[in-house]
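Okay, structure first, notes after.
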Amino acid sequence: MEDQSHNISSSHGAPEPDMDDILDLTGGQYARKVEEDEEDRRSYSDSLEPSPESEEPSSDLPPPPPRGPLPVIPTAPIEEEHDIPTSPYGPPTTTTGSVVVDLLYWRDIKKSGLVFGASLFLLLSLTVFSIVSVSAYIALALLSVTISFRIYKGVLQAIQKSEEGHPFKCCLDSNVAVSEELVHKYSNVALGHVNCTLKELRRLFLVEDLVDSLKFAVLMWVFTYIGALFNGLTLLILALISLFSIPVIYERHQTQVDHYIALISKNFNNVKDLILAKVPGLKRKAD
């Protein structure tokens, strides 16, 4: 028992390690590790720093450009929308060709219907009356409308005691004169067409090309039968109806129409080549 108590007392009597010593030991190792890392980092940064000699610019190299505002990078120009030229007395003006195309293709049903109805009524009137009577009746109809409206507006202004002025003042002040540029433009176009027609007729009648002259003769022979069946006004009426119907039909059924036109053209060319091959003297001379 005494031995056991002595052993226990000896084991308990041994000096236990102090906690501060342990923290100092571990802290010293950690501090030493941190100092070593800082020395390594400092030596690495010192190795990366350029020497004073290398920092001096070389005399052979050009001086650096002065600092200034950054250059502006040019961008693609923005396309400006060109305004449609407008007339001082109405809506925007457009070319005559586009207006005619819009009418024939019925882009605006009201305008196309008005033009088609008025033109058809005029041609049908000419089939019944002479052109003098038709012109007189149209003038009287317009005068009756304008005079009635003028009297109505005058009475209305007298009752209301207003000073609105003439009801057609805006129309009377508008410029209806035809400009010289417009006359020269269309006269030059008409003159060019007339000259081309005269040259073509001279070539056909003087038989410059036998095949073309024969084609023209056949066409005139067909026109003799057409003239016997229809007069000039009937042909104009049919032409007017065709102008306002064929473009719309072709636009809606273009694929089928092109197919049949190609078949007809192919058959016509085959027949023409067969006739030219069998009839001597009709074959074109090679250019």
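The values are calculated or read from the model by the stated rules, or taken from the named source; none is laboratory data. In this text, all values refer to a predicted model and were calculated from it rather than measured experimentally. Using ideal geometry, Cβ is built from the backbone for each residue, glycine included, and neighbour counts are taken over all protein chains shown. Note: areas computed on protein heavy atoms with side chains; ligands, DNA, RNA excluded. Shrake-Rupley method; radii C 1.70, N 1.55, O 1.52, S 1.80 Å.
So that you can scan it fast, the table gives a plain yes or no per residue for (1) modelled with pLDDT of 90 or more; (2) under 38 Å from the mean Cα position of the chain (by Cα); (3) under 30 Å from Leu219 (Cβ atoms):
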{"site": "Gly154", "(1), (2), (3)": "no, no, no"}
{"site": "Ala158", "(1), (2), (3)": "no, no, no"}
{"site": "His166", "(1), (2), (3)": "no, no, no"}
{"site": "Asn175", "(1), (2), (3)": "no, yes, no"}
{"site": "Val178", "(1), (2), (3)": "no, yes, no"}
{"site": "Asn188", "(1), (2), (3)": "yes, yes, yes"}
{"site": "Cys196", "(1), (2), (3)": "yes, yes, yes"}
For this session: Kindly check whether there is at least one residue in segment 188-198 that is of a type outside the set (Gly, Ala, Ser) and either surrounded by 11 or more Cβ atoms within 10 Å (Cβ to Cβ) or not in a helix (DSSP H, G or I) (or both).
Result: no
Among residues of segment 263-285 being in a loop (DSSP other than H, G, I, E, B) and open to solvent by less than 100 Å² (accessible area, probe 1.4 Å), the residue modelled with the highest pLDDT is Val279
Restricting attention to segment 155-185, the residues that are surrounded by 12 or more Cβ atoms within 10 Å (Cβ to Cβ) and either part of a helix (DSSP H, G or I) or in contact with a strand residue (DSSP E or B) (Cβ under 7 Å, 6 or more places away or on another chain) (or both) number exactly 2
